[in-house]
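The values are calculated or read from the model by the stated rules, or taken from the named source; none is laboratory data. Predicted, not measured: the structure shown is a model, and the values here were computed from it. Because the Cβ atoms are built from the backbone with ideal geometry, glycine has one as well, and the counts that use them run over all protein chains shown. Ligands, DNA and RNA are stripped out before the accessible areas are found, and what is left, the full protein with its side chains, is counted by its heavy atoms. Shrake-Rupley method; radii C 1.70, N 1.55, O 1.52, S 1.80 Å.
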Amino acid sequence: AEDAEPLWAALTKAGEPYGLLPAGLSARDTLRLEAGMPLYGNELSADLTPFDAGLGRVVRFDKPGDFVGRAALEPLKDVPPARRLVGLIATGRRVPRHGYPVVSGDGAVVGEVTSGAPSQTLGRPIAMAYVDNDLSTGLAVDIRGSHEPVEVVELPFYRRKK
């Protein structure tokens, strides 16, 4: 523990010529959110399949051999999930956060925010949420009792230019 501060100072000094700047867990979370990358415990869990998260393309049933979960996933490969993972861009300044309800125009809860943060790249609050499969317009996020309108967008929010 006594070496942590001198090590930090040495790494920071060594990185100065390269423009190295400290970045914490919040920066990592915002960047993965902008890239539309799911996080276990938020967008992925034991109760959500790769198909729910829009990751069916990474499950390869055509490859030879077995893999953990194959028997459970194979019957689901052609069944559309009841909910889908979508991107949300807030029209206002309030940030949709993990666990906030997503509501339809009539106020019915139709989903839940899994991750949300202010996006430095886009200059607006963004979030990922699971919503009922047939919904894509007229949604809002219930932020402490106020229904804040959001735009549903395809993920990722940001793609790096090649």
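Full-extension gain between Lys161 and Ala72, please, as 0.36 nm times their residue separation minus the C-alpha to C-alpha distance. If you can, show how the numbers build up before the last one.
On the way: separation 89, 0.36 × 89 = 32.04 nm, distance 3.75 nm.
Extending this stretch completely gives an extra 28.3 nm.
Can you divide the C-alpha Rg of segment 95-162 by 2.2 N^0.38 Å and report the result to two decimal places?
With N residues counted in segment 95-162, Rg over 2.2 N^0.38 Å equals 1.11.
Using 0.36 nm per residue, how much length does the chain from Ala1 to Arg94 gain when fully extended, once their Cα-Cα distance is taken away? Spell out each step's value before the answer.
Working: separation 93, 0.36 × 93 = 33.48 nm, distance 3.86 nm.
Extra length from Ala1 to Arg94 when fully extended: 29.6 nm.
Leaving out ligands, DNA and RNA but keeping every protein chain, what accessible area does Asp78 have, in Å² rounded to the nearest 10, with a 1.4 Å probe?
Probe radius 1.4 Å; accessible area of Asp78 about 130 Å².
Considering the options Val153, Val95, Gly54, tell which one lies farthest towards the positive end of the dipole of the chain, charges being +1 on Lys and Arg and -1 on Asp and Glu at the Cβ, about the Cα centre.
Val153
When ranked by the protection proxy of mean other Cβ atoms within 10 Å per residue, highest first, what sequence do the peptides 12-22, 89-99 form?
89-99, 12-22
Give the separation of the Cα centroids, segment 144-162 to segment 9-77, in Å.
18 Å
Straight-line reach from Lys77: which lysines fall under 20 Å, measuring Cα to Cα and dropping same-chain residues less than 8 apart?
Lys63
Starting from the amide H of Val110, placed 1.01 Å from N in the peptide plane, find each other amide H under 5 Å away whose residue is 5 or more places distant or on another chain.
The answer is Val102, Val103, Ser104.
Pull up the cross-link candidates among the aspartates and glutamates for Lys161, meaning alpha carbon to alpha carbon under 15 Å and not fewer than 8 places away within one chain.
Lys161 reaches Glu34.
Enter the angle in degrees (range 0 to 90, nearest 10) between the Cα long axis of helix 25-34 and the first principal axis of the Cα atoms of the chain, meaning the one along which they spread out most.
The angle comes out at about 40 degrees.
When all C-alpha to C-alpha distances in the chain are sorted into bins of 10 Å, what percent of pairs does each bin hold, rounded to whole numbers?
9, 32, 27, 19, 12, 2
Using Cα pairs under 8 angstrom and six or more residues apart, how large is the relative contact order of the chain, in percent?
24 percent
If you line up the long axis of helix 4-15 against the longest principal axis of the chain, both from Cα atoms, how many degrees apart are they, to the nearest 10?
90 degrees
How much of the accessible area of the chain, in percent, comes from carbon and sulfur atoms when a 1.4 Å probe is used?
Carbon plus sulfur share of accessible area: 56 percent.
For n ≥ 4 DSSP H runs only, could you compute -39500 (n - 2.57) per run for the chain, divide by its residues and tell me the 222 nm figure to the nearest 500?
After summing the helix terms and dividing by residue count, I get -4500 deg cm²/dmol.
What does the extension gain come out to for Leu55 and Met37, with contour length at 0.36 nm per residue minus their alpha carbon separation?
In short, 5.5 nm is gained.
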